[in-house]
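The values are calculated or read from the model by the stated rules, or taken from the named source; none is laboratory data. Values in this document were obtained by computation on a predicted structure and should not be read as measured data. Note: ideal-geometry Cβ built from the backbone for every residue, glycine included; neighbour counts use all protein chains shown. Heavy atoms of the whole protein, side chains included, go into the accessibility calculation; ligands, DNA and RNA do not. Shrake-Rupley method; radii C 1.70, N 1.55, O 1.52, S 1.80 Å.
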Amino acid sequence: MDKVKVLEKYLPSDAAPLIGRWIDYFKCEFKISRNRGSKFGDYRSPYGGKGHRISVNYDLNPYAFLVTTVHEFAHLHTWNEHKQKAKPHGTEWKANFKKMMQPFFEKDIFPADVKHAITSYLNNPAASSCSDLNLYRSLRKYDVPKESVLTVEKVPLKALFKIKGGRVFRKEEQLRKRFKCVEIATKRVYLFSPVAEVELVED
Ligand SMILES: [Zn+2]
């Protein structure tokens with residue numbers, strides 16, 4: 001099937017042709033991948049006879065898919081320019097990410113709130129991949145609602161919840177951004193991101 005037709009299933013349709021051209025121009029192997037939980041996308045530099053490789057999780061909403069794709073292409077472009085001399089999310093990467101987002105801003109692809117979150121993310125010198133909670137939250141709003149998605153920040157204090165795989169925790173107080181949670185089985189303390197998806201457990 002035509003590359004752009006495939007990309008249109010995952011990206012805002014106005015964005016698909018340009019991403020298709022980048023794949024050709026940068027000679028990149030672009031893969032739509034399963035959900036990897038810990039990350040949205042991945043870039044691998046040429047190694048052992050293989051060229052540039054980018055993969056992006058299939059289950060991101062179109063805006064999150066686009067932001068992640070541009071994020072990974074900015075890694076590719078930075079690698080072409082600087083090889084290993086530039087840090088993964090350093091100033092060179094950041095400048096490229098900013099520059100490569102421009103055509104999508106010009107096409108007015110993003111809703112106002114997402115555009116605002118991306119702009120402040122780009123202007124925050126500490127920002128890296130998905131550590132920006134505002135960006136993550138504003139992108140998440142456009143997910144097709146799953147059945148009763150619950151995040152740690154919405155779990156009542158002292159309530160029990162479980163994570164994928166079944167381990168059960170009790171929610172305790174917030175420390176800066178993250179929440180202290182005690183695993184019931186081991187009594188060990190863990191720190192959870194406020195946006196981690198969990199399931200409530202009845203006492
Ligand atoms: Zn990255």
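Things worth noting here:
- Single residue of 196, 159, 185 found to be more than 20 Å from the chain's Cα centre (by Cα), modelled with pLDDT of 90 or more and open to solvent by less than 70 Å² (accessible area, probe 1.4 Å): 159
- Looking only at segment 60-95, residues that are more than 15 Å from the ligand (Cβ to nearest atom) and touching a His at 6+ places or on another chain (Cβ under 9 Å) come to 1 in all.
Condition check ((1) open to solvent by 80 Å² or more (accessible area, probe 1.4 Å); (2) not in a loop (DSSP other than H, G, I, E, B)) across all residues:
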{"site": "17", "(1), (2)": "no, yes"}
{"site": "36", "(1), (2)": "no, no"}
{"site": "83", "(1), (2)": "yes, yes"}
{"site": "92", "(1), (2)": "no, yes"}
{"site": "99", "(1), (2)": "yes, yes"}
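- Only one entry of 78, 68 meets the criterion of being of a type in the set (Val, Ile, Thr), in a helix (DSSP H, G or I), modelled with pLDDT of 95 or more and crowded, with 18+ Cβ neighbours inside 10 Å, and that entry is 78.
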